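Here the structure comes first, spelled out in structure tokens, and everything after it is commentary.
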Amino acid sequence: MEQVTEIEPWFGLEQEYTLFDVDDKPYQWPKGGFPGPQGPYYCGVGTGKVFARDLIEAHYRACLYAGVNISGINAEVMPSQWEFQVGPCEGISMGDHLWMARFLLVRIAEEWGVKVSFHPKPLAGDWNGAGCHSNYSTKAMREPGGMKAIEEAIEKLSKKHMEHIAVYGEDNEMRLTGRHETGHIGTFSSGIANRGASIRIPRHVAAQGFGYLEDRRPASNVDPYRVTAALVETTCL
């Protein structure tokens, strides 16, 4: 990262995770059965739509108190699956903040008797996996006209797809199937507002012509130091 300080690499990581009971069953799922299909849980509100909000908000407050640069939380697509966002952080500090946020989550969940899983596909079947979508930009990308720099970065990333997959987390092939809002692990793709692509350009970024890109390939168990290093090495070195 010291070699690229002048380009000011910023990162924002979206950490997804799944909660389990002490008996390794998804937290507050019906015993011996399943909840209703996915649909009403994403960013949900209300009993039966979200589970363990008290735990999640305690984690959020602990991160704020500890100085972690946490920027949001939301319930995810699968019931008892959540996400928190950390960033923007510059350079190697991204890894520092995410690891501390993970530690605080596991430690606080202990108080509730809840287990935290960072496995990218904790449940087989028609349920979303868990990722760590990685938002990335350089100074050039964030300035007016930055779309050119974003497109150049995507072109470089397309040429090293499998090298990135190799450091984007364990068991990621179980998640990157081309279903459940993922691109297939063996194919690189990109697109505007495309949740099924390897790299997504947010709609508002395309509209304004500058901003950042979102790498949707990293698994929820990815090492944040490795994903941030890979993005910088491929696009800037």
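The values are calculated or read from the model by the stated rules, or taken from the named source; none is laboratory data. Small disclaimer: the values here were computed from a predicted structure and weren't measured. Note that we place each Cβ from the backbone using ideal geometry, even for glycine, and neighbour counts take in every protein chain shown. The area values use the complete protein model at the heavy-atom level, side chains included, leaving out ligands, DNA and RNA. Shrake-Rupley method; radii C 1.70, N 1.55, O 1.52, S 1.80 Å.
Structure above, values below:
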| read-out | value |
| --- | --- |
| Rounded to 10°, Cα long-axis angle of helix 93-112 versus longest principal axis of the chain | 0 |
| Contour excess over end-to-end distance, with Cα ends at residue 184 and residue 207 and 0.36 nm allotted per residue | 5.6 nm |
| Theoretical ellipticity at 222 nm over the chain - DSSP helices of four or more residues, -39500 (n - 2.57) apiece, nearest 500 | -9500 deg cm²/dmol |
| Positive-end extreme of charge dipole, the stretch 155-226 - chosen from 213, 161, 187 (charges on Cβ) | 213 |
| Whole-Å semi-axes of the ellipsoid equivalent to the stretch 1-45 (Cα gyration tensor, √5λ, descending) | 40, 15, 7 |
| The stretch 69-157: relative contact order in percent, alpha carbon pairs under 8 Å with at least 6 residues between | 15 |
| Area accessible to solvent at residue 142, 1.4 Å probe radius, in Å² | 50 |
| Relative contact order for the stretch 91-237, counting Cα pairs under 8 Å that sit 6 or more residues apart, in percent | 32 |
| Dipole of the stretch 1-135 [Lys/Arg +1, Asp/Glu -1 at C-beta], most positive-end residue of 15, 86, 108 | 108 |
| Straight-distance crosslink candidates among lysines, where the alpha carbon sits under 24 Å from residue 156 and sequence neighbours closer than 8 are dropped | 139, 148 |
| Interchain or long-range residues, amide H under 5 Å from residue 184's placed H | 178 |
| Most mobile listed residue (35, 120, 218) in the chain, GNM with C-alpha springs under 10 Å | 35 |
| Portion, in percent, of the accessible area of the chain that falls on carbon or sulfur, probe 1.4 Å | 54 |
| Accessible area of the chain divided out per residue, in Å², using a probe of 1.4 angstrom | 46 |
| Rounded to whole Hz, the Karplus (6.51, -1.76, 1.60) HN-Hα couplings of the stretch 126-141, x for glycine and proline | 7, 10, 5, x, 10, x, 9, 3, 10, 8, 9, 8, 10, 4, 5, 5 |
| Given charges at beta-carbon only (K, R positive; D, E negative), |dipole| of the chain in Debye | 540 |
